Amino acid sequence: MTLTRLIFLGPPGAGKGTQAKFIAQLQNIPHISTGEMLRQAIEEKTALGIQAQDYLDQGELVPNELVQEMVKERLNKPDAQTGWILDGFPRTIPQATFLEELLLEISQGKEQAINLDVPDEVLITRLLARGRKDDSREVISRRLEVYRAETAPLIDYYSDRQKLIVVDGNQPEASVTAALNQIIAPNHS
Ligand code: ADP
C-alpha cells in the first residue's frame, strides 16, 4: 500500500498552496496548510489565534512550539491516516526534526518533500498581485528574508535524507500540476 505523505517546501508565492490543494483533492487526502489554520484561528479569535496574530502581521514565524502542537493534533485525526499534504510546515529545522520524530511515533513514515523552485523576482510579483492582508511590500520582503534564513536550509535537510524532489515552479500552473502528477504515486489506500 502506497500512501501519499508529501511536504510542500518552497518560498512564499511559489504556488505551494494552489498545487497542494489540487493534488490533495485528486488523491482524496487532507491538505494541511499551517498558514490557513493560523489565519482561521486568528479570525475565530481562539487562544492560538491571539498568540499568533502579531507574528503573521509582521511576516515573522510563529514560535515552533505553537505550530508543532497544532500539526501534531491535526496528523492524529482520523482523516490523516490515509495520507496528507503538508503545506507550510515544517518551516524551520527544529520543526523538521519534530515532524520526523512525530511520524515515527505515530507510525507514519515514508514522507517526501517537494521543493517548488521559483526565482525571487517572480515571487515578489506574484505576492503583490495576490494582495492578501499580509502581502504588503514590506511584509513580503520580511517573509522572503525569513524564508532564506529559516526555511531554505530544509532543502539540504531533505536532500541529505534522500527525501527531496525538486519541481520547476516557474511555469504555468497546469504544467506544474502535470509535473507533480507524474512524480506522485497514485494513492492506493
Ligand atoms: P505563504 O502563502 O506566504 O507561503 P503561509 O500561508 O504558509 O504563507 O503562512 C503565512 C504565515 O503563517 C507565515 O508568514 C507565518 O507567520 C505563519 N506560519 C505558517 N506556517 C508556519 C510554520 N510552520 N511555522 C511558523 N509560522 C508559520
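The values are calculated or read from the model by the stated rules, or taken from the named source; none is laboratory data. Everything quoted here is computed from the prediction, not taken from an experiment. Here the Cβ positions follow ideal geometry from the backbone for every residue, glycine too, while neighbour counts run over all protein chains shown. Quick note on the areas: whole protein, heavy atoms, side chains included, nothing else; ligands and nucleic acids left out. Shrake-Rupley method; radii C 1.70, N 1.55, O 1.52, S 1.80 Å.
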At a probe size of 1.4 Å, how large is the accessible area of Lys77, to the nearest 10 Å²?
100
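Take the alpha carbon gyration tensor of the range 1-159, find the square roots of its eigenvalues, order them as a ≥ b ≥ c, and report rounded if a/c is under 1.5; if not, report prolate when a/b exceeds b/c, else oblate.
prolate
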Counting only DSSP beta bridges with both residues in the chain, what percent are antiparallel, rounded to the nearest 5?
0
Run the 1.4 Å probe and let me know the accessible area of Arg132, rounded to the nearest 10 Å².
70
Percentage relative contact order, the range 36-178, counting C-alpha pairs under 8 Å, at least six apart:
28
Compute the distance in nm between two label points, each set 7 Å from the Cα along the Cα-to-Cβ direction, one at Ile124 and one at Asp160.
3.2
Report the net charge of residues surrounding Leu86, where surrounding means a beta-carbon distance below 13 angstrom and charges are Lys +1, Arg +1, Asp -1, Glu -1.
+3
Helical contribution to [θ] at 222 nm, DSSP H n ≥ 4, -39,500 (n - 2.57), averaged over the chain, rounded to 500
-16000 deg cm²/dmol
Rounded to the nearest 10 Å², the 1.4 Å probe accessible area of Leu3 is 40
With a cut-off of 8 Å between alpha carbons and a minimum separation of six or more residues, what is the relative contact order of the range 1-116 in percent?
47
Total charge dipole magnitude, the range 1-133, about the Cα centre, Cβ charges on Lys, Arg, Asp, Glu only, Debye to nearest 20
440
